[in-house]
């Protein structure tokens, strides 16, 4: 049976010879595939599609491997698709915002804020401490600060003899920052430290919405702005920055992807001549008119402690003039990038989904019998976690105690391979390593050897084992030889594994009340980093 | 007389009402210009084009304001235009390289290195100290380090159980880094700390050249790669990065602007169907074949202390496999960006051009009489600079002493306005402020008031003035009142201005030999930062 698109299919072979299973990185070059590649055999069954290739390689594509999810077709979430293009009235019931302490403590709140930046282009954090440099802390919750000639951060306040217009008390019309930079900073943060002058309100305009309106109202003007690179430039004593990019950047399929709009920084346009030059200026003025339409102006006031995060490739930002005589206005800003924000959002979602699966397993399979003990599997692990916590163990060790036996689960959601008694530590550690650092996974991996070690190294330990544990010990290889025990004790994580082992042994008391899994979620999520 | 392209011309009005003369930033919005703008009068004479606009504004465009320079048409230097597209044989006589100490000491060497990165896509610095983290110092000579999930810097060496292919001893085919990131890091630096294993040679391929070859040999394949966004992705425990961009990125006019080439990181391409999907893979394989052609492989070996700087949006980099058993290989790398590199290059060129002009003025007008003194203008200033230097003054004060009287020059190259005796400090300081910080300009600005101050504040000072200086004192306003003197002494830079004044007074000795201007160039250039 021939397969369609053989090179595409083969390029997606999921086997571990072709790919690193953890990163998804391919191990071969596209040119390593032979010319004239075809399928010699192809069989589809319930498990998936099995292909024997003409070069002898075998691929197995699990059923549904090519399924699309809700994000399919949105690419990297940088174009207009999948975004909420807005006008001011869409936020009549409030801005996308969160309280800073809640944002820090609650991953669902972090997800909501980062998703709002990606979808609506902005969010506001309230209650960020009114202290210098805190804006950098905000950026570091989802990414990396982008240093520029303005510094790691910049102060937006009135400066004597300002070279840059932003550092005066004048009104600033809706614009994007740093159009003269490529790569342009894709995110901007503005943290308000003081704002008690009359005026100085903030404004945002959805540049994608403005561009979409231009496309609908005057497609030729839109096309002209999209195809004309504009020379943006900024000079001061120590910088001479130049970028030549269109005001409306499109992806290769024609979707709106990036807005650069800032008349202050447009240098002399020399690439157009004759009627096209006049047509360009007419299109530019029309786009400018749209950006100033009242229904597009989202106006609000930043107070001390508010931190605005916005997409500088999409939103135009503005401020009204203010009167210096009436008070002060001081924002601290910094730049960061959307790719890291999206990565953080994806990892947060992946991690919370994994915790949901774990919680469901504790509630489902976990209610089952635990190897003949008087407690359930879930009660056993929750008790172990609670004992570690009560002992003041570091978070990674609490997590290891809590999760040490998940290798006994078979949950399809976890795609766990069934662990034999001898292997369940390995199985659990391998699965956990997708999410947790070695400080969690390695004590889990070693908690079975730790039992075998203690039977050899600690007089009286064997006598304390429960009957079920004595039974499994023989399946696990029995006590270690003295040589193996010495090697184990010298290895990394041995002490941690032994600690987990002791909580493991102690966590079989049917009289003890066990905390719910949910209590451990914040600790687990923090460790997932 | 009607003017062509009135909005374009008006948008370029150079007057200080329309623009900040220091940054070139415009002070108006494009929509502030009225509808139906026309010229009421337009007169062209030797000085330039004088326009009276229908809204009453007057613009004066100096003759030649729209002249193109050698860089015109190259935009921001990011496309194939103006670059040297190369094959390996083009470097048969050596790589673009420089010695690290020379690079640091000599701005012409810095200019050569940075220009090579922009034009050929790379350069090598030799003799960078073989110490960890020094690669960051290299990046900071022209820009800002871009932090990523790999850290501020990354170590390229064999890691146990590496998730990323780079951290093994395997050969790595020509590729660009981080195609799954947008904005992608536009520059990469690799600093060799150790390379004594067998193998582990470095390779570079000009991706623009490879793409240009594909365009020439198979225009349809080129067009398909240029118009198909490819889903690049990288996942590990703490990151999930995705960018959807074409392998060959074009600017809106169709010039090659950016290459992303890395099969390791290509996720499942879902946007094409049917024959187009097969055509895409055929085009991709053809492009891959070109990148591997022997004549395109520039191969060399990095030794300890070598630091390779290259354009990650253009060059593909590679390494041969190496044998761990035979020795170690350790590079430290970091990312940075081309926009800052270009800015640094422009500022260096601007600064060396300004020093050339100053040096020419010292040699030309400077040979003229100095207000009736027994030394020339140039001798006077050079002596003042030498006296400050001999006194151990900080560099800014040496520069101020050296340049304090340039306000007397009329050099057209400097576009200096003639300074009256009373104003020549101001004139010099205004001109110098384009290049120098306040620590240089303000003592220059205040060196005339400092004389008036000393006449009041210091008994016996007046008696020491030369006859010419007594004459000019009266033109400069005579001794300060006691109130003015107190205010002057309390102001910033007063002590520095007084120091300059004393060297000024002392620098009129025809018997003293004066150092040449060139001796001061490194100090001046360092201050220009």
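Coordinate-derived values only; no laboratory data. From a predicted model like this one, the values you see are computed outputs, not experimental measurements. So basically every Cβ, Gly included, is an ideal-geometry build from the backbone, and we count neighbours across all protein chains shown.
A Förster distance of 30 Å, applied to the separation of the beta-carbon atoms of residue A:74 and residue B:276, puts the FRET efficiency at 0.90.
Please report the relative contact order for the range B:6-62, taking Cα pairs under 8 Å with a sequence separation of at least 6, and give it as a percent rounded to a whole number. Relative CO of the range B:6-62 lands at 29 percent.
Any chance you could give the angle, 0 to 90 degrees and rounded to 10, that helix A:494-506 forms with the longest Cα principal axis of chain A? Rounded to the nearest ten degrees, it is 70. Each copy carries residue B:324; placing its label point 7 Å along the C-beta direction from Cα gives inter-copy distances of 6.3 nm, listed from smallest up.
Using R0 = 22 Å, the C-beta based FRET efficiency linking residue A:506 and residue A:367 works out to 0.55. Per-residue shielding of A:140-152, expressed as the average number of other chain Cβ atoms within 10 Å of the residue Cβ, stands at 3.
Across identical copies of the chain, residue B:90 has label-point separations of 4.7 nm, listed in ascending order, with the point defined 7 angstrom from Cα along Cα→Cβ.
Taking the helices alone, chain A has a mean residue ellipticity at 222 nm of -10500 deg cm²/dmol, built from -39,500 (n - 2.57) per DSSP H run of at least 4 residues and averaged over all its residues. When peptides A:22-32, B:250-260 are sorted by average Cβ neighbour count within 10 Å, with the highest value leading, the order is B:250-260, A:22-32. The angle between the Cα long axis of helix B:274-291 and the main principal axis of chain B comes to about 60°, on a 0 to 90 degree scale.
If a/c stays under 1.5 just call it rounded; otherwise compare a/b with b/c (prolate if a/b is bigger, oblate if not). Do that for the protein assembly as shown, with a ≥ b ≥ c from the square roots of the Cα gyration tensor eigenvalues. In terms of gyration-tensor shape, prolate. Once the Cβ-Cβ distance between residue A:16 and residue B:297 is put in as r, and R0 is 22 Å, what FRET efficiency do you end up with, to the nearest 0.05? Efficiency for this residue pair is about 0.15. Legend: mean number of C-beta atoms from other chains within 10 angstrom of residue C-beta atoms, peptide B:338-348, equals 5. Modelled spin-label separation between residue B:438 and residue B:323, with each label point placed 7 Å from Cα along the Cα-to-Cβ direction: 6.4 nm.
Entry note, the range B:267-383: relative contact order of 9 percent, from Cα contacts under 8 Å with a spacing of 6+ residues.
Under the shape rule built on the C-alpha gyration tensor, where the axes satisfy a ≥ b ≥ c, the range B:6-62 is oblate, since a/c reaches at least 1.5 while a/b does not exceed b/c. Exposure proxy ranking for B:466, A:202, based on other Cβ atoms within 10 angstrom of each Cβ and starting from the fewest, stands as B:466, A:202.
Computed from Cα positions, the angle between helix B:447-457 and the longest principal axis of chain B comes to roughly 40 degrees. What is the distance in Å between the Cα centres of the range A:344-398 and the range A:463-491? Comparing the Cα centres of the range A:344-398 and the range A:463-491, I get a distance of 24 Å.
Residue A:360 label point (Cα plus 7 Å toward Cβ) to equivalent points in the other copies: 7.6 nm, shortest first. State whether the range B:231-285 is rounded, prolate or oblate according to the following rule on the C-alpha gyration tensor (a ≥ b ≥ c being the square roots of its eigenvalues): a/c under 1.5 gives rounded; otherwise a/b larger than b/c gives prolate, and the remaining case gives oblate. Taking the square roots of the gyration eigenvalues as a ≥ b ≥ c, the range B:231-285 is oblate.
Taking 19 Å as the cut-off, the amide N atoms of the range A:295-328 that come nearer than this to a point 7 Å along the Cα-to-beta-carbon line of residue A:99 belong to A:303-308. Residue by residue along B:260-267, Cβ atoms of other protein chains within 10 Å of the local Cβ number 4 on average.
With contacts taken as Cα pairs under 8 Å at a separation of at least 6 residues, chain B carries a relative contact order of 15 percent. Neighbour counts of other Cβ atoms within 10 Å put B:465, B:338 in the fewest-to-most order B:465, B:338. Residue ranges A:87-93, B:100-106, B:393-399 sort as B:393-399, B:100-106, A:87-93 when ordered by packing (mean number of other C-beta atoms within 10 Å per residue, highest first).
Per-residue extension of 0.36 nm, minus the Cα-Cα distance of residue B:238 and residue B:255, leaves a gain of 2.5 nm for this segment.
For the rotational copy pair A/B, the chain A residue whose Cβ lies nearest the symmetry axis, together with its distance in Å, is A:183, 2. Shown for B:291, B:268: other C-beta atoms within 10 Å of each C-beta, ranked fewest to most, produce the order B:268, B:291.
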